[in-house]
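The next block holds one structure in the form of structure tokens; read it before the comments.
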Amino acid sequence: MKSIYSTRKYTVILFLSVFTLFFTCSKSDDIGEVIIEYPEPEEPEEPVIVVDPNNLVAINTGAVVGQFYNFWSTRPMVNQTRFASSSFRSSLDPIKSYVKSYNMVRVLGGRTDNLNDFYKGVDGSGNIITDFSGLLSSMRGFMQTGFKPRIVLDNVPWEMNAVKEVNTYGNTNPPDDYNIWRQYINAFLQTLITEFGMNEVKTWRFRVATEPNYSPQHWNGTKEEFFKHYDITVDEVLKVIPDAIIGPGNNLTEGVATYTTEIIDHCANGTNYATGETGTKMDFFCFSYYEKMDENKVRLPEAVQAFRAKLNSYPQFSNIPFDIQEFGILRDENRVRGVSLTDATEFGASWYARIADLAYENGITEIYDWGQEIESSDLPQGRRNVTEMFLKMEGGNRLEAIESLSGHAGVIPVVKGDIIYLLVYNHNTTRTSTSKRTLYPQLEGGIIAGGTTWRMNEWTVDKTHGIMMHELYKDVRAAGVGEKTNGRIYGNRPSDRFEDGWKNVLNANLSKYIQLAELPQTISGSLIKKVEGKLTLEVDLEPHSVKLIELIPQ
């Protein structure tokens, strides 16, 4: 990296030589003083950097466009019973720097693994019978972690349907009797309130269903049947917790979705199935977003567009939280899915930086993350190192950045106190891309106007910085471990690609992988100066690269 700046140096060297003596003498009549006048040396030439206007990013450090808020700190959880284990709770300590909440799905039962079997039928008077001891065991353990719970009221217990139909994620039918469902929701909430107190529970988020427009995998009913289910569930929750924070399930954005924005219309001006009034409470809206590497694109803007436009069309919903509550890279470049829900290399890192830029641009409030560590370890994926960059910037103010960049490269500028951060990234949609990029962030105004010299630090994630997966793959192959050539490649779970022996290789070389996976600082304490009131940087980026630049006034 270079900076454009100017430094004037004046060095006077007098060579007392019989061959070289250049001076002008004058004698003062008053004091007999001899004055020697030396010609001013020419200013040394500074390296000239030619700025490519197509890769110029103009940043006004006095123009704030919003906050660099935390969107990354909620993690989904499918099996909450694990929180009853002290060893599992202890295993979560390394992630507490960036995870603050857990979103617990399929808590109410109706699961293929038959966990959370709290509903036990009805008595002779039609009153439900429940046993919430397992719920309390899990939730007591969870509350010991210090994380904040979020509860998904999704699958209906098996015994609430006379005809049991097993779908991909368990029982996705609506209940046969909504009086029974109301009793169950009421009892579930009262159990939590009795244990943890109303003041605590009313601060939790409640989501009704998971991907209700994905039929029959998550909802084995019609669109209108889900609207009815939502209205009745919300009504019962509000009877117990009048100011509950509640919203509908995350809408699927894939082509198989049975509907898109209609739930927003229903909550805005539809007839409420429970109350008969117009509209239904909706404190947040959310959707799922999964990338597919084989499609060679980043489709977040198109996934967001219709939802954002519809929310903005209703004043009561235009400013509610707008979340991605399932998120990841679903398939690799070979169309293979596996258990992994992300890419663990530099590809996933640069993609994540691009997603962050688009999230701020489109007003995404939160992105729920399945996890940023490598399977069977605390080793960070490349994406986790990008999150480490986010943590440095968190709470700062995002600055105006004017550019006309092509492709998926960009700069997120942030001022935090008197420090400026630049998250500079280059992402390409194919893993094998060789498209390097040079960007030219040019800063002026604001705090740049008040200082001349800046100290620069830089951290980098690319194929040779902050990534350990390539070395792990090399070592596993060298050890002769069986490779599933039809398995997902470079996901966060090596077991998608290799037989069990990969864990032995990981453990045998753990110290090496720890070192490779650390977020490396690639520039430390470099001094740079302005030229003509502007500070211009030249940032060279690999095909999949993220750099965090820190500028500290001197």
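Asn167 - would you say it is surrounded by fewer than 21 Cβ atoms within 10 Å (Cβ to Cβ), within 23 Å of Met77 (Cα to Cα) and touching a Pro at 6+ places or on another chain (Cβ under 7 Å)? Against the criterion (surrounded by fewer than 21 Cβ atoms within 10 Å (Cβ to Cβ), within 23 Å of Met77 (Cα to Cα) and touching a Pro at 6+ places or on another chain (Cβ under 7 Å)), Asn167 qualifies.
Selection of first residues in the range 42-64 that are farther than 17 Å from Leu423 by Cα and of second residues that are modelled with pLDDT of 50 or more and small (Gly, Ala, Ser), restricted to Cβ pairs under 6 Å at least 6 apart or on distinct chains, gives the following pairs, ordered by first then second residue: Gly62/Gly445; Gly62/Gly446. Only one entry of Met139, Met143 meets the criterion of being modelled with pLDDT of 95 or more, closer than 16 Å to Gln190 by Cβ and touching a Phe, Trp or Tyr at 6+ places or on another chain (Cβ under 8 Å), and that entry is Met139.
Checked against (1) part of a loop (DSSP other than H, G, I, E, B); (2) in contact (Cβ under 8 Å) with a residue 40 or more places away in the chain, Tyr421 meets all criteria but (1).
The single condition among (1) over 22 Å from Glu518 (Cβ atoms); (2) among the charged types (D, E, K, R); (3) not in a loop (DSSP other than H, G, I, E, B) that Glu333 does not satisfy is (3). Condition check: at negative phi and not assigned by TED's automatic domain parsing to the domain that holds Gln515. Does Leu330 satisfy that? Here the answer is yes, as Leu330 does meet what is asked.
What tally of residues in the range 86-106 results from selecting those that are more than 22 Å from Asn116 (Cβ to Cβ) and either hydrophobic (A, V, I, L, M, F, W, C) or not assigned by TED's automatic domain parsing to the domain that holds Leu135 (or both)? Before you say what the answer is, go through the steps one by one.
Residues of the range 86-106 that are more than 22 Å from Asn116 (Cβ to Cβ), as a first pass: 90, 93-100.
Filter once more, keeping what is either hydrophobic (A, V, I, L, M, F, W, C) or not assigned by TED's automatic domain parsing to the domain that holds Leu135 (or both): 95, 99.
Counting residues in the range 86-106 that are more than 22 Å from Asn116 (Cβ to Cβ) and either hydrophobic (A, V, I, L, M, F, W, C) or not assigned by TED's automatic domain parsing to the domain that holds Leu135 (or both) gives 2.
The residues of the range 133-162 that are polar (S, T, N, Q), out of contact with any Gly (no Cβ under 7 Å at 6 or more places or on another chain) and crowded, with 17+ Cβ neighbours inside 10 Å, listed by number, are Ser138, Thr145, Asn161. Among the residues in the range 203-224, are any basic (Lys, Arg), surrounded by 18 or more Cβ atoms within 10 Å (Cβ to Cβ) and touching a Cys at 6+ places or on another chain (Cβ under 9 Å)? Yes, the range 203-224 contains a residue that is basic (Lys, Arg), surrounded by 18 or more Cβ atoms within 10 Å (Cβ to Cβ) and touching a Cys at 6+ places or on another chain (Cβ under 9 Å).
Take residues that are among the hydroxyl-bearing types (Ser, Thr, Tyr) and tell me which of the helices (runs of 4 or more DSSP H) falling wholly in the range 102-206 contain 1 or more.
On the way: elements: 133-144, 178-196, 198-201.
In the range 102-206, 133-144, 178-196 are the helices (runs of 4 or more DSSP H) which contain 1 or more residues that are among the hydroxyl-bearing types (Ser, Thr, Tyr).
Of all residues in the range 53-76, those satisfying the criterion of being over 21 Å from Leu391 (Cβ atoms), surrounded by fewer than 20 Cβ atoms within 10 Å (Cβ to Cβ) and touching a Leu at 6+ places or on another chain (Cβ under 9 Å) are Asn54, Asn55, Leu56, Ala58, Asn60, Gly62, Ala63.
Residues that are surrounded by 14 or more Cβ atoms within 10 Å (Cβ to Cβ) and in a helix (DSSP H, G or I) within the range 77-87 comprise Gln80, Thr81, Arg82, Phe83, Ala84, listed in sequence order. Within the range 203-236, if we keep just the residues that are over 16 Å from Asn186 (Cα atoms) and aromatic (Phe, Trp, Tyr), the residue that is nearest to the chain's Cα centre (by Cα) turns out to be Tyr214.
If the condition is being in contact with a strand residue (DSSP E or B) (Cβ under 8 Å, 6 or more places away or on another chain) and either under 22 Å from Val237 (Cβ atoms) or charged (D, E, K, R) (or both), then the range 254-280 contributes Glu254, Ile263, Ile264, Cys267, Asn269, Gly270, Thr271, Asn272, Glu277, Thr278. Within the range 183-202, being crowded, with 19+ Cβ neighbours inside 10 Å and either in contact with a helix residue (DSSP H, G or I) (Cβ under 6 Å, 6 or more places away or on another chain) or not assigned by TED's automatic domain parsing to the domain that holds Val107 (or both) holds for Ile185, Leu189, Leu192, Val201.
Could you list, ordered by first residue, the pairs with Cβ atoms under 9 Å in which the first is in the range 273-284 and more than 21 Å from Ile320 (Cα to Cα) and not assigned by TED's automatic domain parsing to the domain that holds Ser318 and the second is assigned to a loop (DSSP other than H, G, I, E, B) and hydrophobic (A, V, I, L, M, F, W, C), at least 6 apart or interchain? Filtered contacts from the range 273-284: no entries. Quick check: anything in the range 356-376 within 27 Å of Glu254 (Cα to Cα), in a loop (DSSP other than H, G, I, E, B) and free of Cβ contacts under 8 Å to residues at least 60 places away in the same chain? Yes, because at least one residue in the range 356-376 is within 27 Å of Glu254 (Cα to Cα), in a loop (DSSP other than H, G, I, E, B) and free of Cβ contacts under 8 Å to residues at least 60 places away in the same chain.
This table checks each residue for (1) touching a His at 6+ places or on another chain (Cβ under 9 Å); (2) among the charged types (D, E, K, R); (3) closer than 28 Å to Lys392 by Cα; (4) modelled with pLDDT under 95.
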| site | (1), (2), (3), (4) |
| --- | --- |
| Thr7 | no, no, no, yes |
| Leu14 | no, no, no, yes |
| Leu21 | no, no, no, yes |
| Thr24 | no, no, no, yes |
| Asp29 | no, yes, no, yes |
| Val34 | no, no, no, yes |
| Thr74 | no, no, yes, no |
| Lys100 | no, yes, yes, no |
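Candidates are the residues of the range 508-517 that are free of Cβ contacts under 8 Å to residues at least 60 places away in the same chain and within 25 Å of Thr387 (Cβ to Cβ); the one that is surrounded by the most Cβ atoms within 10 Å (Cβ to Cβ) is Leu516. For the range 372-384, how many residues meet the condition of being buried (at least 18 other Cβ atoms within 10 Å of the Cβ) and either charged (D, E, K, R) or touching a Pro at 6+ places or on another chain (Cβ under 9 Å) (or both)? So the answer is 5.
Among the residues of the range 121-133, are any closer than 26 Å to Ala209 by Cβ, in contact with a Leu (Cβ under 8 Å, 6 or more places away or on another chain) and in the same structural domain as His218 (by TED's automatic domain parsing)? Let's see the steps before the verdict.
Of the residues in the range 121-133, the ones closer than 26 Å to Ala209 by Cβ are 121-122, 126-133.
From what is left, the residues that are in contact with a Leu (Cβ under 8 Å, 6 or more places away or on another chain) are none.
For the range 121-133, residues closer than 26 Å to Ala209 by Cβ, in contact with a Leu (Cβ under 8 Å, 6 or more places away or on another chain) and in the same structural domain as His218 (by TED's automatic domain parsing): absent.
Of all residues in the range 253-270, none are farther than 23 Å from Gly363 by Cα, of a type in the set (Val, Ile, Thr), in a helix (DSSP H, G or I) and modelled with pLDDT of 95 or more.
Among the numbered conditions (1) free of Cβ contacts under 8 Å to residues at least 12 places away in the same chain; (2) under 18 Å from Asn167 (Cβ atoms); (3) among the small types (Gly, Ala, Ser), the only one that Ala209 does not meet is (1).
The values are calculated or read from the model by the stated rules, or taken from the named source; none is laboratory data. Remember, predicted model here, so these are calculated numbers, not experimental data. Don't worry about glycine lacking a Cβ; one is built from the backbone with ideal geometry, like all the others, and counts go over all protein chains shown.
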